[in-house]
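Have a look at the structure below before the remarks.
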Amino acid sequence: MRRDESPLIRWLLIALALGFLGLFLVLPLAAVLAQALGKGTGAYFAALTQPDAWASIRLTLLVAAIAVPVNIGFGLAASWAIAKFDFRGKSLLISLIDLPFSVSPVISGLVFVLLFGLQGWFGETLRDHNIRVLFAVPGIVLATMFVTFPFVARELIPLMEEQGREEEEAAIVLGAGGFKTFLTVTLPNVKWGLLHGVLLCNARAMGEFGAVSVVSGHIRGLTNTMPLHVEILYNEYDFVGAFAVASLLALLALLTLVAKSALEWRLRDEIAALRQS
Amino acid sequence: MSGEWSRDAVRLVLATALVVGAAMALAAAIPGAGAAESRTLLNVSYDPTRELYQQINAAFIKTWKAKTGEDLRINQSHGGSGKQARAVIDGLEADVVTLALAYDIDAIAQRGQIDPKWQTRLSANSAPYTSTIVFLVRKGNPKAIKDWDDLVRPGIAVITPNPKTSGGARWNYLAAWGYELNRTNNDAAKAEAFVTALFHNVPVLDTGARGSTTTFTQRGIGDVLIAWENEAILALKEVPGQFEIVAPPLSILAEPSVTVVDKVVDRHGTRALAEAYLSFLYTPEAQEIIARNHYRPRDPDIAKKHVTEFPPVRLFTIDDVFGGWGKAQTAHFADGGIFDRVIVNAKK
């Protein structure tokens, strides 16, 4: 910014930004909390410990606990391959990784209905072997994985490309094997970026509504994740319950946001250090 | 790139694949492990029946326990009736379906999962309770809505769900159609114009009945909600003092039907249990729960007890006016049917 900018304009801009933030972030969050606590803290905790709510919390955590590690593995493998090697079809791979970002979540869900639904490709075979994918936990995990898989890779590819290959090549020259190079050189170099990607991935995994809604089957206490449960409670006129679960989701999002901001500080220092060297 | 590098890359990819595989196997194992202890029944139902079946299930679990000593768990899934039928067709393993209309069950039967003659398996067309279509208006009825022709007046905002996905919406649509047919001595062209004018007044088409109710009651959109009678009475109770019900002089007899999904119960070994569950709906105990949840009971004694709650409405049936659900569905709601034309013309 120019230093001779009038202070009035500066303050106006800051006020505008804060006002916008207040209107679109703080106000809705406050509304959620106010509704959730509308009938007192007793009702709030009763709503959260109700069996169906508790089941939805457990399911959401389970889904994230499976989807996030898998996507870490995939994200690391993909970004490592893309940043450190040259091969044919590289740009195709990059576009494919971006696919879940550009496809509507509803379509992401319907893809699995087409694959695993009874009228779909594998539906009858799966049923004959008594394997439930669609309208059960595996389907929800698959849909969540599909929607969240770009996060880690997208975070790491630019970072790894920025870092170049020199350090790895030095490690190889000094006699380290590929896997050792990866563990001792590549991974430590990207650890903050990786964590950042994991946080984003986790936030989306817990919050995903559209794709999960299509494959869930909405069985109470079994296949409803927290976002789906919020909708159900809201539709049942149980506003305290709906907003109590929503506030828990919002809390998770806030924690993610705090952790993310802390990481961004570290990440910025890291990149700055890299640029200087 | 050295050979060692690419070999390790291959190893890493393999390791990743292994992790993915293990996680998926784990995920597949979990629901099986969790559901082992007691027998379960899955009731896939339509939108407004959540409260009804929560109470029915509790009563049935008690009765079954007293009779057989067995503990049960009954799971519920709710959504727009058409959407739910689609989920069962796609493999949602419902032991019983309790949907908004016979056609949605027919759709499942067409895929071979239910005996095509299902409707004759239980008495009263396999519909243990009925309902009708009424109007919910804002307190004091400021727009003076009394009958179906008030809904097509210019400037009236009407809330109804999408007939493509919602069973309730199809009843709403057919009730309006039947009203105009009756008024014009069976002039189908006039009925179509009437329904088109009605949908011209609809600002939001939700996918299910409950979605429309929340649009009207919570978001404050619209002057009148066309709704299931049970849904309208429930809204009165949940949000007291803001709305009133207007029963039109003529409406449709809605028969939400129930049946056992043959293919599923035979695989689960739950046929006897599922049949007992549906027969239970016809017992006085269940009929009383049904009446208390604002559905019109079939049992004449229970109906007499609750006579004040359900105003007398002249009711026509889908068989009389439309020749049954099969015909109504093909003519009106199938792709390229009359409703497709109505919705296009209504937007003009």
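Coordinate-derived values only; no laboratory data. In this text the structure is predicted, and so the values were computed from the model without any measurement. Here Cβ is always computed from backbone atoms with ideal geometry, including for glycine, and neighbour counts include all displayed protein chains.
Given B:Lys164/B:Lys263; B:Lys62/B:Lys304; B:Lys263/B:Lys305; B:Lys190/B:Lys305, which pairs have Cα atoms separated by over 32 Å?
B:Lys263/B:Lys305; B:Lys190/B:Lys305
Using only the alpha carbon atoms of region A:62-104, find the Kirkwood hydrodynamic radius as the inverse mean reciprocal pair distance, in angstroms to one decimal.
That comes to 11.6 Å for region A:62-104.
In the calculated pair distance distribution of region B:263-324, what percentage of Cα-Cα distances lie above 12 Å?
For region B:263-324, the fraction of Cα-Cα distances above 12 Å is 74 percent.
What Kirkwood Rh does region A:101-214 have if only Cα atoms enter the pairwise 1/r average? Answer in Å.
Kirkwood hydrodynamic radius for region A:101-214: 16.6 Å.
Please state, as a whole number in µm²/s, the translational diffusion coefficient that the Stokes-Einstein equation yields for region A:188-257 at 4 °C and 1.567 mPa s, with Rh defined as the Kirkwood radius across alpha carbon pairs.
D, rounded to a whole number, is 97 µm²/s.
Can you give the average number of partner chain beta-carbon atoms within 10 Å of each beta-carbon in peptide A:61-67, as a whole number? Numbers along the way, then the final one.
On the way: counts 0, 3, 1, 0, 2, 6, 2.
Across A:61-67, the average partner-chain Cβ count within 10 Å equals 2.
In Å³ and rounded to a whole number, note down the convex hull volume per residue for the Cα atoms of region A:1-138.
241
Can you give the Rg and Dmax of chain B based on its C-alpha atoms, in angstrom?
That works out to 23.6, 88 Å for Rg and Dmax.
How many partner chain Cβ atoms sit within 10 Å of a residue's Cβ in peptide A:218-226, on average, as a whole number?
Averaged over the peptide's residues, the number is 5.
Residue by residue, what Karplus-based ³J(HN,Hα) values in Hz, rounded to whole numbers, does region B:295-308 have, using 6.51, -1.76 and 1.60 with θ = phi - 60° and x for Gly and Pro?
3J(HN,Hα) across region B:295-308, in whole Hz: 9, 7, x, 7, 5, x, 5, 5, 4, 4, 4, 9, 4, 5.
In terms of the Cα gyration tensor, with a ≥ b ≥ c the square roots of its eigenvalues, is region B:176-291 rounded because a/c is under 1.5, prolate because a/b exceeds b/c, or oblate?
It comes out prolate by the Cα gyration axes.
One quarter of the convex hull surface, Cα atoms only: what value does that give for region B:140-222 in nm²?
The orientation-averaged projected area of the Cα hull of region B:140-222 comes to 5.4 nm².
Mind checking the mean number of beta-carbon atoms from other chains within 10 Å of the Cβ atoms in A:68-77?
Per residue, the average neighbour count from other chains is 4.
Kindly provide the GluC sites (Glu not before Pro) of region B:255-348 that DSSP labels as loop, not H, G, I, E or B, and whose Cβ sees at most 14 other Cβ atoms within 10 Å.
B:Glu309
Check B:Ile74: other-chain or 5+ apart residues with amide H under 5 Å from its amide H, H built from backbone geometry?
For B:Ile74, the qualifying residues are B:Leu41.
So what are the ³J(HN,Hα) numbers for region A:257-266, from phi and the Karplus equation (6.51, -1.76, 1.60; θ = phi - 60°), rounded to whole Hz, Gly and Pro as x?
Once rounded to whole Hz, the list reads 5, 4, 4, 5, 5, 4, 5, 4, 4, 4.
Classify region A:1-71 as rounded, prolate or oblate from the Cα gyration tensor: take a ≥ b ≥ c as the square roots of its eigenvalues, call it rounded if a/c is under 1.5, otherwise prolate when a/b beats b/c and oblate if not.
Values: a/c = 6.83, a/b = 1.87, b/c = 3.65.
Oblate, because a/c is 1.5 or more while a/b does not exceed b/c.
What residues have an amide H closer than 5 Å to that of A:Ile219, excluding those fewer than 5 places away on the same chain, when H is modeled at 1.01 Å from N in the peptide plane?
Distant-sequence amide H within range of A:Ile219: A:Asn224.
Report the far tail of the P(r) of the protein assembly as shown, meaning the percent of Cα-Cα pairs longer than 37 Å.
Counting pairs separated by more than 37 Å, the tail of P(r) holds 46 percent.
Jot down the radius of gyration and Dmax of chain A, Cα atoms only, both in angstrom.
In Å, with Rg to one decimal and Dmax whole: 22.6, 75.
Can you work out ³J(HN,Hα) from phi for every residue in region A:28-38, in order, using Karplus 6.51 cos²θ - 1.76 cosθ + 1.60 and θ = phi - 60°, giving whole Hz and x for Gly and Pro?
Result, ordered by residue: x, 4, 5, 4, 4, 5, 4, 5, 5, 9, x Hz.
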